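Contents: one structure, followed by commentary.
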Amino acid sequence: MKNISILGATGSIGRNTLDLIQRERDKLKVVGLTGANNIRLLAESAIKFNADIVATSNDNKFHDLKEMLSGYQVEVCAGINGVLEVASRQVDWVMSSIVGSAGLLPGLKALEAGANLALANKESMVAAGPIMKRVAEAQGVKLIPVDSEHSAISQVIRGEERDSLSKIIITASGGAFRNLTISELIDVTPEQASKHPNWDMGQRITIDSASLFNKALEIIEAKEFFGLKASEIEVLIHPQSLVHAIACFCDSGMKAHIGPSDMRHAIAYALYEEKRFNLPLEEVDLSKVGTLDFEKPDLLKYPALKLGFDVLEQGGLAGAAFNAAKEEALDNFLDHKLSFLGMADVVRATMDELSSKNQLSSEVELEAVIDIDRQARLIAKIFVDKF
Ligand code: NAD
Ligand code: MG
């Protein structure tokens, strides 16, 4: 029996993970589940999967959650300590699918407790990749990519020599506004940015897909997972979202990964630790697709991507600052206090400010990551009023 916990069980990735577990209940046991505000779904999942422990990150929801689960044999806890308690339970495999930097400490806790960690929460890799890798190595456990592009990379480089790899191409759908011009982007709303053409995901990553902030995070995530330099990563817009990554080799050969736009493909690959699982997903019918398009992204239209490459080159604490500033900018866009294009302006200004004070070059240690995250949010908040 493989024991499993899911951090962020009520979100899009969490629900897809439970959907896979449901198909193999005789082999997979759910130990812990966490969520934030959707405690009804959290309680229903705890009951359905017979979980041992659940936590809501929202302290105010503790009593309601406890009441929903009264009469069931399940431990209930709340707040960040409750989430960390779930993460520290000894299991074989943990899905890290909390959204944002809130996923960092629980993910680390799970690694420290000796679990293999499936990482959907790209923010923790962007902010603290070296720490995540250090802890995983010290514990002798695996860090497994879940992001579709990174799962695809791990599939196409498998069995290949690192030296023979010359470049990785990561694709981006272009998100909700792929067909809009820069001037048409000025007035777009959070509601419009929340509609992804190909993927069904949480709201924040959907908006990050429209701005390409998501791709900016992903190139940094790719650097951390696969030891790539900026010059070894290329991003291409691929509207069909069927080719997720392409590995280019020194003999000019290329290997592309084609898969459905359904996260259960990548989650299953992580769940079975790089073994194929018989998944009844709809196969991609290439004869129906007909054409696969690729084009270079316009960096004027997608300034977030340019910022991402700068952060990748900078290294150190730049990833943590970038992610925090981006989260602050996104919160303000969602609150209609900042325009869609203003998000990249705020993040760039924040990064420039921190760089000019030489704040980003320190070693990536946990305290420094937490401190730069706090500073970046404060500075970004000030810039929101200026843009
Ligand atoms: P989501 O918004 O649907 O779900 C987020 C989960 O995190 C929920 O369970 C929510 O309750 C929990 N959560 C939110 N705030 C929290 C907090 N402060 N503390 C603790 N828990 C909190 O998001 P999602 O789309 O499932 O994405 C989750 C992660 O996976 C993100 O890092 C995202 O970038 C990554 N990811 C998602 C997809 C996708 O298809 N959805 C694909 C690739 C990577
Ligand atoms: Mg992705």
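Could you say whether any residue in the range 243-252 is hydrophobic (A, V, I, L, M, F, W, C), closer than 22 Å to Ser97 by Cβ and modelled with pLDDT of 95 or more?
Of all residues in the range 243-252, those hydrophobic (A, V, I, L, M, F, W, C) come to 243, 245-250.
Filter again for closer than 22 Å to Ser97 by Cβ, leaving 245.
Restricting the remaining residues to those that are modelled with pLDDT of 95 or more gives 245.
Looking through the range 243-252, at least one residue is hydrophobic (A, V, I, L, M, F, W, C), closer than 22 Å to Ser97 by Cβ and modelled with pLDDT of 95 or more.
Going through Leu41, Leu18 one at a time, which residue ends up being farther than 19 Å from Phe277 by Cβ, more than 16 Å from ligand 2 (Cβ to nearest atom) and modelled with pLDDT of 95 or more? I'd like the intermediate steps shown before the answer.
Working: Leu18 fails: farther than 19 Å from Phe277 by Cβ.
Among Leu41, Leu18, only Leu41 is farther than 19 Å from Phe277 by Cβ, more than 16 Å from ligand 2 (Cβ to nearest atom) and modelled with pLDDT of 95 or more.
Do we find that Gly129 is away from ligand 1 (no atom under 13 Å from the Cβ), outside any helix (DSSP H, G or I) and at pLDDT 95 or above in this structure?
Working: away from ligand 1 (no atom under 13 Å from the Cβ): yes; outside any helix (DSSP H, G or I): no; at pLDDT 95 or above: yes.
Taking the combined requirement at face value, the residue does not satisfy it.
Can you find a residue in the range 64-73 that is part of a helix (DSSP H, G or I), within 21 Å of the chain's Cα centre (by Cα) and away from ligand 2 (no atom under 16 Å from the Cβ)? Show your work before the answer.
If we filter the range 64-73 for residues that are part of a helix (DSSP H, G or I), which is where we start, we get 64-68.
Adding the requirement that they be within 21 Å of the chain's Cα centre (by Cα) leaves none.
Within the range 64-73, none of the residues are part of a helix (DSSP H, G or I), within 21 Å of the chain's Cα centre (by Cα) and away from ligand 2 (no atom under 16 Å from the Cβ).
List the residue pairs whose Cβ atoms are under 6 Å apart, where the first residue sits in the range 147-158 and is closer than 16 Å to Lys275 by Cα, the second is within 9 Å of ligand 2 (Cβ to nearest atom) and aliphatic (A, V, I, L, M), and the two are 6 or more positions apart or on different chains.
Ser148/Ala266; Ser151/Ala266
Could you say which residue among Ile182, Ile168 is touching a strand residue (DSSP E or B) at 6+ places or on another chain (Cβ under 9 Å), assigned by TED's automatic domain parsing to the domain that holds Ala222 and in contact (Cβ under 8 Å) with a residue 60 or more places away in the chain? Let's see the steps before the verdict.
Numbers: Ile182 fails: touching a strand residue (DSSP E or B) at 6+ places or on another chain (Cβ under 9 Å).
Exactly one of Ile182, Ile168 is touching a strand residue (DSSP E or B) at 6+ places or on another chain (Cβ under 9 Å), assigned by TED's automatic domain parsing to the domain that holds Ala222 and in contact (Cβ under 8 Å) with a residue 60 or more places away in the chain, namely Ile168.
Scan the range 113-124 and report the pairs whose first residue is away from ligand 2 (no atom under 12 Å from the Cβ) and whose second residue is acidic (Asp, Glu), with Cβ atoms within less than 8 Å and a gap of 6+ or a chain change.
Pairs found: Ala115/Asp92; Asn116/Asp92; Asn116/Glu273; Glu123/Glu327.
Take the range 132-154 and flag every residue that is within 16 Å of ligand 2 (Cβ to nearest atom), assigned to a helix (DSSP H, G or I) and surrounded by 21 or more Cβ atoms within 10 Å (Cβ to Cβ).
Within the range 132-154, Ser148, Glu149, His150, Ser151, Ala152, Ile153 qualify.
Answer with yes or no whether Glu365 is over 21 Å from Gln203 (Cα atoms) and in contact (Cβ under 8 Å) with a residue 24 or more places away in the chain. Break it down stepwise before answering.
Values: over 21 Å from Gln203 (Cα atoms): yes; in contact (Cβ under 8 Å) with a residue 24 or more places away in the chain: yes.
Spelling it out, Glu365 is indeed over 21 Å from Gln203 (Cα atoms) and in contact (Cβ under 8 Å) with a residue 24 or more places away in the chain.
Would you check if His257 is assigned by TED's automatic domain parsing to the domain that holds Ala210 and either within 18 Å of the chain's Cα centre (by Cα) or free of Cβ contacts under 8 Å to residues at least 24 places away in the same chain (or both)? Working first, answer last.
On the way: assigned by TED's automatic domain parsing to the domain that holds Ala210: yes; either within 18 Å of the chain's Cα centre (by Cα) or free of Cβ contacts under 8 Å to residues at least 24 places away in the same chain (or both): no.
No: the conditions fail for His257.
What tally of residues in the range 5-21 results from selecting those that are more than 9 Å from ligand 1 (Cβ to nearest atom) and either of a type outside the set (A, V, I, L, M) or on the phi > 0 side of the Ramachandran plot (or both)? Break it down into steps so the answer makes sense when it comes.
Within the range 5-21, the first condition is being more than 9 Å from ligand 1 (Cβ to nearest atom), and the residues that meet it are 5, 17-21.
Now drop any that are not either of a type outside the set (A, V, I, L, M) or on the phi > 0 side of the Ramachandran plot (or both), which leaves 5, 17, 19.
Summing the residues that are more than 9 Å from ligand 1 (Cβ to nearest atom) and either of a type outside the set (A, V, I, L, M) or on the phi > 0 side of the Ramachandran plot (or both) in the range 5-21 gives 3.
Filtering the range 312-359 down to residues that are small (Gly, Ala, Ser) and in a loop (DSSP other than H, G, I, E, B), which residue is surrounded by the fewest Cβ atoms within 10 Å (Cβ to Cβ)?
So the first thing to find is which residues in the range 312-359 are small (Gly, Ala, Ser), and the list is 315-316, 318-321, 324-325, 329, 339, 342, 344, 349, 355-356.
Then drop every residue that is not in a loop (DSSP other than H, G, I, E, B), which leaves 315-316, 339.
Working: Gly315: 15, Gly316: 17, Ser339: 17.
If we take residues in the range 312-359 being small (Gly, Ala, Ser) and in a loop (DSSP other than H, G, I, E, B), then Gly315 is surrounded by the fewest Cβ atoms within 10 Å (Cβ to Cβ).
For the range 159-173, check the following and say yes or no: at least one residue is among the polar types (S, T, N, Q) and either surrounded by 17 or more Cβ atoms within 10 Å (Cβ to Cβ) or within 16 Å of ligand 1 (Cβ to nearest atom) (or both).
In the first step, residues of the range 159-173 are kept if they are among the polar types (S, T, N, Q); the result is 164, 166, 171, 173.
Filter again for either surrounded by 17 or more Cβ atoms within 10 Å (Cβ to Cβ) or within 16 Å of ligand 1 (Cβ to nearest atom) (or both), leaving 171, 173.
Yes, the range 159-173 has at least one match.
Identify, from the list Ala329, Ala320, Ala268, Ala304, the residue that is of a type in the set (Gly, Ala, Ser), in the same structural domain as Asn179 (by TED's automatic domain parsing) and either under 24 Å from Ala222 (Cβ atoms) or in contact (Cβ under 8 Å) with a residue 12 or more places away in the chain (or both). Steps first, please.
Details: Ala329 fails: in the same structural domain as Asn179 (by TED's automatic domain parsing); Ala320 fails: in the same structural domain as Asn179 (by TED's automatic domain parsing); Ala304 fails: in the same structural domain as Asn179 (by TED's automatic domain parsing).
Ala268 is the lone residue from the list that is of a type in the set (Gly, Ala, Ser), in the same structural domain as Asn179 (by TED's automatic domain parsing) and either under 24 Å from Ala222 (Cβ atoms) or in contact (Cβ under 8 Å) with a residue 12 or more places away in the chain (or both).
Checking Asn116 against (1) modelled with pLDDT of 95 or more; (2) within 13 Å of ligand 1 (Cβ to nearest atom); (3) not small (Gly, Ala, Ser), which single condition isn't satisfied?
(2)
Considering each of Ser96, Ser124, Ser88 in turn, give the residue that is more than 13 Å from ligand 1 (Cβ to nearest atom) and closer than 27 Å to Ile372 by Cβ. Before the answer, list the steps.
Working: Ser96 fails: more than 13 Å from ligand 1 (Cβ to nearest atom); Ser124 fails: more than 13 Å from ligand 1 (Cβ to nearest atom).
Sole residue among the options that is more than 13 Å from ligand 1 (Cβ to nearest atom) and closer than 27 Å to Ile372 by Cβ: Ser88.
Could you tell me which numbered condition Asp200 fails, if it satisfies all but one of (1) out of contact with any helix residue (DSSP H, G or I) (no Cβ under 7 Å at 6 or more places or on another chain); (2) surrounded by fewer than 20 Cβ atoms within 10 Å (Cβ to Cβ)?
In the conditions (1) out of contact with any helix residue (DSSP H, G or I) (no Cβ under 7 Å at 6 or more places or on another chain); (2) surrounded by fewer than 20 Cβ atoms within 10 Å (Cβ to Cβ), Asp200 misses (1) alone.
Conditions: (1) at pLDDT 95 or above; (2) part of a helix (DSSP H, G or I); (3) within 20 Å of the chain's Cα centre (by Cα). Asp163 meets all but one. Number of the miss?
(3)
The values are calculated or read from the model by the stated rules, or taken from the named source; none is laboratory data. Note that the structure is predicted; figures quoted are calculated from it, not measured. Note that each Cβ is placed from the backbone with ideal geometry, even for glycine, and that neighbours are counted across all protein chains shown.
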